[in-house]
Amino acid sequence: MKICPYAKKCGGCTYQGVPYEEQLIRKQAYTEKLLGEFCQVHPIIGMEQPYHYRNKVHAVFSRNRDGSIVSGIYEENSHRVVPVDACQIENEEADAIIRTIRGLLRSFKITVYDEKSGIGLLRHVLIRTASKTDQILVALVVTSPVFPSKKNFAQALLKAHPRIKTIVLNINTQRTSMVLGKRDIIIYGPGYIEDQICGCTFRISAQSFYQINPPQAEKLYQKAIELAGLTGKERLIDAYCGTGTIGLSAAKAAGEVIGIELNKEAVKDAIQNARVNQIRNARFFCADASDFMEQMASEGERADVVIMDPPRSGSTEVFLRAAAHVSPQKIVYISCNPETQRRDLLILKDLGYIAQEAWAYDFFPWTEHVESIVKLTRSGS
């Protein structure tokens, strides 16, 4: 078992020093404690290789007191930068690219940002990697679109790391803790990379939402489709659909997919992803999912299956009642927080939906985080 030298200051890996099998035992017990009163909780699905799984790597750039440039992460509960050369849970080539960028800064006379003064050019570097296609995106988060010798800088970076498919400047002029600004300038490549989950291709830009651990996400999505029991005729609602990863993965097995998402940019990505994959039986709507399903119900429209994947805060009683009003025979509830999922299962039980089985998935080894999925069926169906 590897011991991380940065663990005490970083605070990100709360299970640092705990053998991986013991981590899985703890997460299984945690999930059973929360969900076991509703249904059977199957054995947790862990990773064969629980290292270097994060496909999204962020480094903040700063200077030491002696003026030397450092890159790394913020110390827990602070904005002090912990210099990090390699992280046990981050993609290894992403870490190598960050080290290369750090080495290029002096020769290209690129200054790094100082939070106190607001002076300097390079604030952060964001790397996104694709596990199935081996493509890499590099986003340089800067305070100005004027980047010295940007084409030569890109060529030097590409020479060291030829798997890089695209490089963008992300402009963030705000004195804020937000990493990314709203404007991207492409300096090399198409501005996005592509990856695959469940046989579907997804475009990933610097600002797109995409699963941090695609191999585990693929297992989870396959389980969601299995639990939905699709025969090719069903109308499936993908609520909180994001960029459409779950709905599009399920589309080939469903009659119709309706994706609902409040984030306008995510809906644009979902529509584009449907086009890329030539999926014609999936439609995506920018709307509040509760209002959308209530409108469906008022017009006499129904759904056979609802797949929901809410944020960590869980769903709301308003949403859950709206979901029940479209009368799905099955609800497949994916959660990144079993505690809020438990709360919502109590509401769904009162609405006539009975939990049948649950599964836990380890998306984030070395942390306490666990994902879970529960199949519910309407009582009497």
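The values are calculated or read from the model by the stated rules, or taken from the named source; none is laboratory data. Here the structure is a predicted model, which means the values were calculated and not measured. No Cβ is skipped: glycine too gets one built from the backbone with ideal geometry, and neighbour counts run over all protein chains shown.
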Next item on the list: Filter the stretch 337-355 for residues that are over 19 Å from Ile237 (Cα atoms) and either crowded, with 18+ Cβ neighbours inside 10 Å or hydroxyl-bearing (Ser, Thr, Tyr) (or both) and give the result.
Entry: Asn337, Pro338, Thr340, Arg342
Note to self: Out of Thr243, Thr231, I need the residue that is among the hydroxyl-bearing types (Ser, Thr, Tyr) and touching a helix residue (DSSP H, G or I) at 6+ places or on another chain (Cβ under 8 Å). Which one?
What the structure shows: Thr243
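Just for the stretch 255-283: of the residues that are assigned to a helix (DSSP H, G or I), of a type in the set (A, V, I, L, M, F, W, C) and in contact with a helix residue (DSSP H, G or I) (Cβ under 8 Å, 6 or more places away or on another chain), which one is surrounded by the fewest Cβ atoms within 10 Å (Cβ to Cβ)? Walk me through how you get there before you give the answer.
From the stretch 255-283, those assigned to a helix (DSSP H, G or I) are 264-276; that's our starting set.
Those left that are additionally of a type in the set (A, V, I, L, M, F, W, C): 266-267, 270-271, 274, 276.
Now drop any that are not in contact with a helix residue (DSSP H, G or I) (Cβ under 8 Å, 6 or more places away or on another chain), which leaves 270, 274.
Details: Ala270: 27, Ala274: 22.
Top of the filtered list is Ala274.
For the stretch 1-47, what are the residues that are within 30 Å of Val60 (Cβ to Cβ), in contact with a helix residue (DSSP H, G or I) (Cβ under 8 Å, 6 or more places away or on another chain) and among the hydroxyl-bearing types (Ser, Thr, Tyr)?
As a first pass, look at the stretch 1-47 and keep what is within 30 Å of Val60 (Cβ to Cβ): 1-18, 20, 23, 27, 47.
If we keep only those that are in contact with a helix residue (DSSP H, G or I) (Cβ under 8 Å, 6 or more places away or on another chain) too, we end up with 1, 4, 13, 15-18, 47.
Selection gives Tyr15 alone.
Is the stretch 318-338 home to any residue that is in a loop (DSSP other than H, G, I, E, B) and over 22 Å from Cys39 (Cα atoms)?
As a first pass, look at the stretch 318-338 and keep what is in a loop (DSSP other than H, G, I, E, B): 326-329, 336-337.
Going one step further and asking which of them are over 22 Å from Cys39 (Cα atoms), we end up with 326.
Scanning the stretch 318-338, I find at least one residue that is in a loop (DSSP other than H, G, I, E, B) and over 22 Å from Cys39 (Cα atoms), so the answer is yes.
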Next item on the list: With respect to Ile127, determine if the residue is under 27 Å from the mean Cα position of the chain (by Cα), in a helix (DSSP H, G or I), modelled with pLDDT of 90 or more and buried (at least 19 other Cβ atoms within 10 Å of the Cβ).
Entry: no
Notebook entry, point to check: Out of the stretch 3-32, which residues are farther than 15 Å from Cys87 by Cβ, loosely packed, with under 13 Cβ neighbours inside 10 Å and basic (Lys, Arg)?
Noted result: none
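Can you tell which of Ile119, Ile110, Ile127 is among the β-branched types (Val, Ile, Thr) and closer than 28 Å to Arg203 by Cα?
Details: Ile119 fails: closer than 28 Å to Arg203 by Cα; Ile110 fails: closer than 28 Å to Arg203 by Cα.
Sole residue among the options that is among the β-branched types (Val, Ile, Thr) and closer than 28 Å to Arg203 by Cα: Ile127.
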